[in-house]
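Here the structure comes first, spelled out in structure tokens, and everything after it is commentary.
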Amino acid sequence: MANEERHSLSDDSQARAESPEPNTLEDDIKDRWKTWAGRNPTKAKIPIPQRKVRKGHNNEARKIRESEQQAKREAMAKEIEEIQEQYYEQLREVGTKYGRSFETVVNYVSYSSRYKKQRAPSLYLAKVSAKAEEINKDKPIGDRVHLDEIRKMVKDEEDASDYEGMTKDEEKALLDRLLEKRTIKVQGARRSNEGAAVDCRQVINSVNCEIEGLAHRTGAQFVGFMSRSDIHDTFQPTLVSDSPASLTFFKRIVGMSAEEILVKFEQFSTSHANSIDMNDREDSKDVRVQCTDLILQGLHTFRYSNLRMNYVNYETDIVARHHVKIDGWPIGIKFESLSNLKNLQDLRRLRDALKTTACKWVSMSQAQIDRHAKELERCEEAGEIIKKKRQERSDAHTTKPKNAAKRKKRTRNMDNNSKSDEHEEREDSNGDGEESNSENRMLPRKHPWRSSKENVAFRSCSVIDEDST
């Protein structure tokens, strides 16, 4: 009876493992703003790890399998201990031979493996990743091919006599795909608030340990604030510092404690940054300015800082001349000047894509540059307009006298001076004192060929001469 109940429980657990969990982000549209992934629909999501389905739920078979695995683990542990004893004995002999302590030799041996930077993606790793994705695409976890076998497949393909090397573009595509997968794992959005809270707690603990160690080693001081960006987030705001002495800065200089600043920072983050209220308050002008700044920032990272975006002649002035292009422009949004884009939802989609680098500037390969040049030549031969010319001036193709612009400016200045003289005469005529009128008559008149500064200087000199006489 007990065995039957166990079998029924195991069958139920297997059914739960095989049945997919409901995706609340897609079913309940109202709750999509409660998670970071829901508030950023264009941002890549971290893939959900699939559950491994256990095979063979027979208790006797499972006990036999577990006993065999336990025996293997014990045998492996015993061999590892023997190897470690021999290894440490050899290290002691090396230390005795060269007059070094055992700890020093161990540090020398482990130095190369303790401090390592992350390896750049190699072509071999990119091939292994692509092969694994190709073979294990539609297979459950229990039936997938192991990594060692996939590596052997890639090695056998490269060592084959009929193997043909890949082109540069194909190799670059494989490397870019591997980099994209790594980036999603590091920068992808957490699908649930629980996962985001666990991630924040682990990262903050790691940062706190590193900061405290750095302060003890170097005396450096550090203060950091971490807050949630939405009211639905479940992780708590945190204050990170190397010591309580660093927090006295806020009380003495700012006039507020660090805890009070943390509370205000949380209020600002939840009410302004990436919140629904902020989206309701912003208009198309604000979002358009953000999109323009993001596009120019991405363009300036590749080319000159004074380069401007040209939507009308984008293919010729940007792509053909500077060999860069925008990749990932949102579907359904016409590629044109942002001043012509009036829909607020489209502007928000474009802004989110630019923020999450789903839409970004990319550098073109030589093959893409040649292909684009041939396409422009074909369009030009077909009579299509590939570059819109500027509108001609109204006085184009007409003969203009020499220094016409200077003469026109001089005439305009003379007219302005004459108007100012008339205005002064009108004020003099409305005056109510003979003395003031006589003084005004004594002042010399403005001359149109003199500048305003020269007229003021000339009049002041005349007044001084008359006073001296």
For this session: Take peptides 187-199, 249-261, 127-139 and line them up by average Cβ neighbours within 10 Å, highest first, as a rough protection proxy.
Result: 187-199, 127-139, 249-261
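Mind ordering 97-107, 284-294 by average Cβ neighbours within 10 Å, highest first?
So the peptides 97-107, 284-294, ranked by packing, come out 284-294, 97-107.
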Problem set entry | Cross-link pairs beyond the 20 Å C-alpha cut-off, checked among LYS137/LYS172; LYS152/LYS185; LYS325/LYS387 | LYS137/LYS172; LYS152/LYS185
For this session: Could you pull out which residues in the stretch 284-322 have an amide N less than 14 Å from a spot 7 Å beyond the Cα of TRP329, following the Cα-Cβ vector?
Result: 295, 309-320
Exercise. Where does each of 315-327, 67-79 land if you order them by average Cβ count within 10 Å, highest first?
Worked result: 315-327, 67-79
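No lab work stands behind these numbers, since they all come straight from the coordinates. These figures come from a predicted structure and were not determined experimentally. Backbone-built Cβ (ideal geometry, glycine too); neighbour counts: all protein chains shown.
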